[in-house]
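Heads up, the thing below is written out as structure tokens.
The values are calculated or read from the model by the stated rules, or taken from the named source; none is laboratory data. No experiment lies behind these values; they were computed from the predicted model shown. Backbone-built Cβ (ideal geometry, glycine too); neighbour counts: all protein chains shown. We work out accessible area using only protein heavy atoms, side chains counted, and drop any ligands, DNA or RNA first. Shrake-Rupley method; radii C 1.70, N 1.55, O 1.52, S 1.80 Å.
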Amino acid sequence: MKKILALILASSLSFAMLSGCTTPPAVTPDAPDGSPAQDVPSAEGITLTLAEVHAEDYPTTLGDLEFARLVEERSEGRIKVDVRFAGVLGSEEDVLDSLTIGSLDFGRVSLSPVSQHNSDLNVLMLPYIYRDANHMWAVLNGEIGAEIMAGIESAGLVGLTWYDAGARNFYAREPIPNAESLRGLKVRVQANPLMQGIVSALGANPVSMALGEVYPALSTGTVDAAENSIPSYESTSHYEVAPYMLVSEHTRVPEILLASKQVMDGLSQEDRDIIMQAAKDSQTFQIEKWREREEESLEKMEANENFTIYELDDSERQIFVDAMAGVVAEHGAGNEELIERIRNT
């Protein structure tokens with residue numbers, strides 16, 4: 001088990017270490033002659049709201065709370081960030097809608113729903129686009145990540161930083177030691193063409209359903225398998241009814257901390273700088289919390305005597321990679337240059 005923990009967890013932190021809402025002041029409009037407006041003064045005593053769908057102790061929420069702490073500390077208490085977790089402000093799609101119109105200040109969401117605003121984001125979720133976690137952080141924290149962040153501003157969103165969500169793996173009711181063992185299985189996936197394509201490419205049958213329906217579906221055999229991150233696999237208790245996990249790491253879907261562009265434009269440059277830097281500095285903390293949660297989840301699942309983990313050696317992993325070639329070609333169409341840049345990073 002220690003070998004498996006090392007394989008899954010050891011690289012997740014190393015590269016990153018190296019590499020109700022109160023409206024802020026209104027935006028000062030440009031002068032009639034088109035010259036830029038003067039920067040607004042720093043705000044005195046404002047509270048900004050951050051929406052999070054996960055529970056208070058989830059790694060992304062802990063990252064949000066660290067961001068809030070840094071903002072308050074560095075603004076000497078002038079700016080407070082109220083983190084509203086557990087989905088009390090709606091789904092991630094609701095959060096995105098609120099951010100774009102400026103009725104919400106910050107939100108932490110998965111990359112998947114944001115991709116509707118910038119097709120380049122789909123590339124960051126392609127199967128095996130990253131060699132490992134370190135490669136992903138080299139991409140996200142480098143030139144490519146910055147370019148993609150800038151590309152979503154046209155949708156009224158400001159990308160603040162990337163958060164970790166680990167890698168997704170398959171798990172099933174029966175043993176799944178390799179790619180061939182997935183053939184013919186009914187596998188629950190998100191209602192997402194890319195995820196459906198990944199499962200189909202392995203000869204399995206994708207079945208889309210809400211996350212809350214998966215436990216009973218696995219229990220009764222309505223579906224044979226599913227895929228998700230390690231903490232989600234454990235926190236949903238899916239390992240109780242599907243105790244066989246294949247460490248496929250077939251895709252990594254990073255999280256993103258966003259701000260409303262309308263809200264950010266209404267802040268002074270000093271306050272924008274504080275917020276941007278606090279977000280970036282919260283990343284390493286969040287990655288560490290994700291690593292800790294993965295380890296805790298694995299240890300909890302290992303206590304179940306039926307729980308079994310299967311690793312892939314290099315040749316078996318290559319079978320997965322080769323099977324995904326068509327998926328990458330289809331869902332990466334038009335972004336071939338970006339894909340090549342990522343692979344060469």
- Residues of the stretch 89-110 satisfying the condition of being acidic (Asp, Glu) and open to solvent by less than 50 Å² (accessible area, probe 1.4 Å): 92, 105
- Query: Does the stretch 71-82 hold any residues that are in contact with a strand residue (DSSP E or B) (Cβ under 9 Å, 6 or more places away or on another chain) and either farther than 14 Å from residue 275 by Cβ or surrounded by fewer than 20 Cβ atoms within 10 Å (Cβ to Cβ) (or both), and which are they?
  - Reply: 72, 78, 80, 82
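Quick one: is residue 53 outside any helix (DSSP H, G or I) and within 27 Å of residue 169 (Cα to Cα)?
Working: outside any helix (DSSP H, G or I): yes; within 27 Å of residue 169 (Cα to Cα): yes.
Judged against the criteria, residue 53 is a match.
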- Query: Considering the stretch 273-302 alone, what residues qualify as being within 19 Å of residue 153 (Cα to Cα), in contact with a helix residue (DSSP H, G or I) (Cβ under 8 Å, 6 or more places away or on another chain) and open to solvent by 50 Å² or more (accessible area, probe 1.4 Å)?
  - Reply: 277
- Just for the stretch 90-131: of the residues that are part of a loop (DSSP other than H, G, I, E, B) and modelled with pLDDT under 95, which one is farthest from residue 338 (Cα to Cα)? 90
- Message: Pairs please, first residue from the stretch 126-137 and within 20 Å of residue 115 (Cβ to Cβ) and of a type in the set (Lys, Arg), second anywhere and part of a loop (DSSP other than H, G, I, E, B) and open to solvent by 30 Å² or more (accessible area, probe 1.4 Å), Cβ atoms under 7 Å, 6+ apart in sequence or on different chains.
- Response: none
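Against the definition (at negative phi, outside any loop (DSSP other than H, G, I, E, B) and at pLDDT below 90), how does residue 80 come out, yes or no?
Answer is no for this residue.
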- Query: Taking the stretch 242-253 as the search range and keeping residues that are surrounded by fewer than 22 Cβ atoms within 10 Å (Cβ to Cβ) and in a loop (DSSP other than H, G, I, E, B), which one is nearest to the chain's Cα centre (by Cα)?
  - Reply: 253
- Query: Of (1) open to solvent by less than 60 Å² (accessible area, probe 1.4 Å); (2) assigned to a loop (DSSP other than H, G, I, E, B); (3) at pLDDT 95 or above, residue 67 satisfies all except one. Which?
  - Reply: (2)
- Enumerate the helices (runs of 4 or more DSSP H) found wholly within the stretch 270-345, keeping only those where 3 or more residues are modelled with pLDDT of 95 or more and more than 23 Å from the chain's Cα centre (by Cα). 314-323
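Taking only the stretch 335-344 into account, find how many residues are surrounded by 12 or more Cβ atoms within 10 Å (Cβ to Cβ) and within 14 Å of residue 122 (Cα to Cα).
Matching residues across the stretch 335-344 total 5.
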